[in-house]
Amino acid sequence: MSEEGRAALPQILPIFPLTGVLLLPRGRLPLNIFEPRYLAMTRDALGGERLIGMVQPNEPQQDNRGGGTLNPPVYPVGCAGRVTAFAETDDGRYMLTLTGVSRFRIRDELPLLSGYRRVVPDWQPFAQDLDVPPATGFDRARFIRGLKEFFTQRQISADWEAIDKAAGEHLITSIAMLCPFAPSEKQALLEAPDLDERARLLIALVEMAAIQPTPGSYDEQTGGTRH
């Protein structure tokens, strides 16, 4: 990535707190936006750098509206995504796709703007996110084996032919974002220093989850797309 590309990262970033939602560099995250403050956030982002920071609340929330806390404390590390697809529905909702650009550390939080939250991001700790990482040497066979056990236990269907053909980074990123891990586990995947470390952690999480009872209350579909 050129120095110009690095310099283009903004000094102020809107954030979208969602429990249990993970965005990683070069990953793609669909979002359904309907709350007024986040509609305003989206309009402002589209009129500017088109970047939105995805973060997780760092305290247990009853739901993705904050569980009674309008602006809950959030983890200090998030990931900014660029709006790469946008559509407006007949009832005024926005359907977005964010493509992950870079992680950031929250340096400071600014006053609300139109009800949504903004931060001063520190991009420097994650400057490597703007470069395509080298090929990872993770144990692919072990990972696929654990993933099949995990998906079978959770009754999750998968296109195994596509998984077998997926490039290493795409596979790790997609599975990390899609699997219904606990919020703290999602955060650990986000903060992994590099792709190899993320792969090792993901393998461990998949293998541990495969031998644990299936959770009965976590709904990754509604939990991950509505706010």
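The values are calculated or read from the model by the stated rules, or taken from the named source; none is laboratory data. Every value quoted in this text rests on a predicted model; they were computed, and no experiment measured them. Cβ sites come from the backbone with ideal geometry, for glycine too, and all protein chains shown count toward neighbours. These area figures cover heavy atoms from the full protein model, side chains too; ligands, DNA and RNA do not enter into them. Shrake-Rupley method; radii C 1.70, N 1.55, O 1.52, S 1.80 Å.
Observations on the model:
- 3J(HN,Hα) along the range 103-118, derived from phi through the Karplus expression 6.51 cos²θ - 1.76 cosθ + 1.60 where θ = phi - 60°, amounts to 6, 8, 10, 6, 8, 6, 10, 9, x, 4, 10, 6, x, 9, 8, 9 Hz, with x in place of Gly and Pro.
- Translational D in µm²/s for the range 116-166 (Stokes-Einstein at 25 °C, 0.890 mPa s, Kirkwood Rh from C-alpha pairs): 168
- For Gly27, distant residues with modelled amide H under 5 Å away: Gly100
- Taking all protein chains into account, the per residue accessible area for the chain stands at 50 Å² (1.4 Å probe).
- Working from label points 7 Å from Cα in the Cα-to-Cβ sense, the Asp164 to Gln212 distance is 3.0 nm.
- In order along the range 128-140, the phi-based Karplus estimate (6.51 cos²θ - 1.76 cosθ + 1.60, θ = phi - 60°) of 3J(HN,Hα) comes to 5, 5, 7, 10, 5, x, x, 4, 8, x, 5, 6, 5 Hz; Gly and Pro are listed as x.
- By the helix-only formula, in which each DSSP H run with n ≥ 4 contributes -39500 (n - 2.57) and the sum is divided by residues, the chain has a 222 nm mean residue ellipticity of -10000 deg cm²/dmol.
- Here the dipole of the chain is about 120 debye; that uses its Cα centre as origin and unit charges on the Cβ of Lys and Arg (positive) and Asp and Glu (negative).
- Spacing of the two label points (7 Å from each Cα toward its C-beta) at Ser114 and Glu197, in nm: 3.7
- Rounded FRET efficiency, nearest 0.05, which uses the C-beta distance separating Arg105 from Thr152 and R0 of 41 Å: 0.60
- Accessible-area ranking of Ser174, Ser184, Ser102, largest first, probe 1.4 Å: Ser184, Ser174, Ser102
- Applying 0.36 nm per residue to the separation of Thr89 and Val132 and subtracting their alpha-carbon distance, the gain on full extension is 12.0 nm.
- The relative contact order of the chain comes to 26 percent, based on Cα pairs under 8 Å that sit 6 or more residues apart.
- Ligands, DNA and RNA excluded, the heavy atoms of Lys148 present near 90 Å² of accessible surface to a 1.4 Å solvent probe.
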